[in-house]
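To start, the structure itself, in structure tokens.
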Amino acid sequence: MNRRDWIKSASIAVGAACVSQKAFAQDQTFTTISSSHGYTNLSINENQFGPSIKAIAAIRASLFYANEYPLEAQEKLKRLIAAKEDVLPSQVILGAGSSDITMGAATAFSAPGQNMVSSDPSFHPLMLWAEKFGVEHVKVPWTADYQVDLTRIEESITENTSLAYVCNPENPVGTLADPSELYAFCKTVSEKCPVLVDEAYIDYAGDVDQLSMMRCVREGLPVIVLRTFSKAYGLGGMRVGYAVTSKELAEKIASYYVTGIGCGCSHASLEAAIAAYQDQEWLKTVRRRTAESRSYLCKYYDSIGQAYIPSVTTFVLAPTQKNSKMIADAIFGAYNLKISPRSYFGQDYLRISMGRMEQMNQLTDALSYVL
């Protein structure tokens, strides 16, 4: 072992030894108290439980190689994802968060006179980017029970449709499409145009292997499955996302945003993602604690007679008869706690991200004064 490798391994071991026993005993990582925001942020679906200690250690270790382009780390993460999903590494594309990939997809499938079809409301950065290229965004409202209306989306597809987009679980409502119905939709619609299924929150929803549309990719369908390390893996600030699709579509999408050396992710980000992806125990902890916080909030809503939409994700959308922005502003001013006011089709809502239990206690204390 050379001198640099010895220093690296020794420093990592010492650092991990100092924090690991206490942190694992408390079922926590480092990021349990403070926030760079300067306030409690339950508005943008950040993982309040933080990344695993293994990911933090990997970030520290990667700093020894800050002078190197992260080509090997990039390929290692691709190989890990490909092995997990039973596809080829060439079918995996990486980006700085899922945003890079959605931008690439928007560009790759955009031309004047074309359209893209999606649910509305939904997570729409891809559509907003495509509109810059003259693409029409065909919006299909939710069903009466706040589900993606797969039937109407399919009916809205024409010969000019270049892409169909489904966010599953749906953002901002938190509902999950029936996997058999979504699979049938993907099989039928992908005969007419590619289908992009955004699974940013799938890790919170249950048995991922049963719920995901990765099976469509393995069957050779022109389906793009989008994932991110920003949510359940707790790496929102590191900016790593990925998509799995056919080799041809992977090359097409990547050609519109990957330039120069690598995929746009830093060495530290990729090493963090590699470590996080392999730490499934921490992922289980995040899923469990998120579910506990979600159950706590829903029970509180039940106790005061407040309606809400059952969610499988790390956020809950609740309708309110009061002005949602005024509610959010009042809570922020009094409690230094931020939630997200929403308004859809003339109805006000509050979308609240799940946090640690002490944050949820603070939240319900605040809500008791304004609801």
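For the reader, a short list of remarks on this structure follows.
- Matching option when the condition is under 27 Å from R227 (Cβ atoms), open to solvent by 20 Å² or more (accessible area, probe 1.4 Å) and out of contact with any Cys (no Cβ under 7 Å at 6 or more places or on another chain), among Q278, Q306: Q278
- Lone qualifier among L221, L211 - being among the hydrophobic types (A, V, I, L, M, F, W, C), open to solvent by 20 Å² or more (accessible area, probe 1.4 Å) and more than 30 Å from N41 (Cα to Cα): L221
Residues checked against (1) buried (at least 20 other Cβ atoms within 10 Å of the Cβ); (2) among the hydrophobic types (A, V, I, L, M, F, W, C); (3) in a loop (DSSP other than H, G, I, E, B); (4) under 13 Å from the mean Cα position of the chain (by Cα):
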{"residue": "L94", "(1), (2), (3), (4)": "yes, yes, no, no"}
{"residue": "I101", "(1), (2), (3), (4)": "yes, yes, no, yes"}
{"residue": "G104", "(1), (2), (3), (4)": "yes, no, no, no"}
{"residue": "T107", "(1), (2), (3), (4)": "no, no, no, no"}
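- Residues that are touching a strand residue (DSSP E or B) at 6+ places or on another chain (Cβ under 8 Å), surrounded by fewer than 23 Cβ atoms within 10 Å (Cβ to Cβ) and among the hydrophobic types (A, V, I, L, M, F, W, C), drawn from the range 154-176: I157
- Contact map, the range 143-154: first residue free of Cβ contacts under 8 Å to residues at least 60 places away in the same chain, second residue open to solvent by 60 Å² or more (accessible area, probe 1.4 Å), Cβ cut-off under 8 Å, separation 6 or more or different chains; pairs are L150/E181.
- In the range 199-208, the residues that are in contact (Cβ under 8 Å) with a residue 40 or more places away in the chain and buried (at least 20 other Cβ atoms within 10 Å of the Cβ): A200, Y201, D203, Y204, A205
- Residues of the range 278-314 that turn out to be in a helix (DSSP H, G or I), touching a helix residue (DSSP H, G or I) at 6+ places or on another chain (Cβ under 6 Å) and among the aromatic types (F, W, Y), as a count: 2
- Verdict on K247 being open to solvent by 30 Å² or more (accessible area, probe 1.4 Å), touching an Asp or Glu at 6+ places or on another chain (Cβ under 9 Å) and modelled with pLDDT of 95 or more: no
- Number of positions in the range 245-277 that are in a helix (DSSP H, G or I) and more than 24 Å from I59 (Cα to Cα): 8
- Which numbered condition R239 misses (of (1) in contact with a Cys (Cβ under 7 Å, 6 or more places away or on another chain); (2) open to solvent by less than 40 Å² (accessible area, probe 1.4 Å); (3) under 25 Å from A272 (Cα atoms)): (2)
- Looking only at the range 317-353, and only at residues there that are among the hydroxyl-bearing types (S, T, Y) and assigned to a strand (DSSP E or B), the one that is most open to solvent (accessible area, probe 1.4 Å): S343
- Applying the set (1) over 30 Å from K187 (Cα atoms); (2) modelled with pLDDT under 95; (3) of a type in the set (V, I, T) to I274 leaves exactly one unmet item: (2).
- Any hit, the range 177-198, residues being open to solvent by 30 Å² or more (accessible area, probe 1.4 Å) and aromatic (F, W, Y): yes
- Condition broken by L371, with the remaining ones in (1) aliphatic (A, V, I, L, M); (2) crowded, with 17+ Cβ neighbours inside 10 Å; (3) at pLDDT 95 or above; (4) farther than 22 Å from S230 by Cβ satisfied: (3)
- Residue match in the range 41-55 (condition: crowded, with 16+ Cβ neighbours inside 10 Å, outside any loop (DSSP other than H, G, I, E, B), of a type in the set (G, A, S) and in contact with a Leu (Cβ under 7 Å, 6 or more places away or on another chain)): yes
The values are calculated or read from the model by the stated rules, or taken from the named source; none is laboratory data. Keep in mind that what you see is a predicted model, and the values were worked out from it rather than measured. Methodologically, a virtual Cβ is constructed for each residue, glycine included, from the backbone with ideal geometry; neighbour enumeration extends over all protein chains shown. Calculation scope for accessible area: heavy atoms of the full protein, side chains included, ligands and nucleic acids excluded. Shrake-Rupley method; radii C 1.70, N 1.55, O 1.52, S 1.80 Å.
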